[in-house]
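Single-structure report; data block below.
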Amino acid sequence: ASLVKLKLDSNIKVSSPVAISCLGNSYPASAGSFKTDQVQSTIIPMLDFLRETGSYLMVNVYPFFAYKDNSKTISLDYSLFKDNPGVVDSGNGLRYKSLFEAQVDAVYAAMSALTYDDLKLVVTETGWPSAGDAAEVGASQDNAAAYNGNLVRRVLTGNGTPLRPNDPLNVYIFALFNENQKPGPTSERNYGLFYPNEQRVYNIPLSQKGLNGNQSPPASNVNQTAPVNNWGGVSKATSGQTWCMASPNAEAEELQEGLDYACGEGGADCGPIQPNGACYNPNSLVAHASYAYNSYYQKKARVSGSCFFSGTAYVSTQPPFFHVLVLQHLGTVNFPQDINVSDQFGEFQQ
């Protein structure tokens, strides 16, 4: 109403992204349909509004989740836009060369089933994580580079989807930066094209000019290493590893309980965080809990669920401070000249 009042409604559109999980059925694509319990209450009112205002249905599409849960039946090449024989839709006979396009067309089919064929669609989120937990099959730097790089190539050099070949693909990549403080599985913190320190996670072309200068399939930068906190430059020995960290936002009582369990029944090696121990400083509950949590996590071979501690812990792909200091002592990490470690973390006693 405000946009209409200011005569901006023809220039600025209003919509709301929905997850691909709004579909009750997505395979084959031609049988795409919205969840029946949401059609009357949510979907139709939304589509009516979008039609009335000339706006777009915004959808978040993540082939990664489908592949992760069905890696034995879904081809990785099919999921990453790589060369593959494709999948023929048994309903319309169209051949799909990527899971992404099949998922998008499933949404188109669901709209068509409700007679909203005239609406346009925008993919407001899609991406692939460059790291993940053991159970997150397919999460890797190479796969993330392949997915996003091939996605860019597909969007910039192809037409629409098999079902809507004349409708351009409008896609937003998620995300620009790794969200290094986001809770949840490791993958949630590793969708970015860049680390928080603005260093690239991997190199891919992002424009037509970039494609013209790079005709080979995109791949991760094998020389790229994850940054230490916001500085960059850890040794290659840490690449691909994960650590368990205590959340600085957790309640002190819960952290103490987690620390006590890890050092007691959990069997963590907590000698170095005792007074006069090599890692006693910085002397804080969060630092000591992080050390104990990580010792337990590594002892358990980093299996899923071993870094939880009643919700006070999270998995990190960046080395914790006590690990960085050991690497620095060994000569494999060099802090920038303008970083004073003592100022940042308190006095450290070797």
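Just so you know, all these numbers are worked out from the coordinates, no wet-lab data involved. Remember, predicted model here, so these are calculated numbers, not experimental data. Note that each Cβ is placed from the backbone with ideal geometry, even for glycine, and that neighbours are counted across all protein chains shown.
Pair-distance distribution P(r) for region 243-316, from all Cα-Cα distances in 10 Å bins starting at 0: 23, 58, 18, 0 percent.
Bridgeable aspartates and glutamates around K120 (alpha carbons under 16 Å apart, same-chain partners fewer than 8 residues away excluded): D48, E52, E101, D105, D167. Between the residues L76, L94, A66, the greatest Cα displacement towards the positive end of the dipole of region 7-96, with unit charges on the Cβ of Lys, Arg, Asp and Glu, is found for L76.
The charge dipole of region 243-316, taken about the Cα centre with unit charges on the Cβ atoms of Lys, Arg (+1) and Asp, Glu (-1), comes to about 380 debye, rounded to the nearest 20.
The relative contact order of region 1-212, computed from alpha carbon pairs under 8 Å that lie at least 6 residues apart in sequence, is 19 percent.
Taken over region 1-212, the alpha-carbon convex hull comes to 159 cubic angstrom per residue.
Residue pairs exceeding 29 angstrom between C-alpha atoms, taken from K13/K82; K13/K35; K13/K97; K182/K299: K13/K82; K13/K97.
Each Lys and Arg Cβ is given +1 and each Asp and Glu Cβ -1; about its Cα centre, region 1-212 then shows a dipole of about 420 debye.
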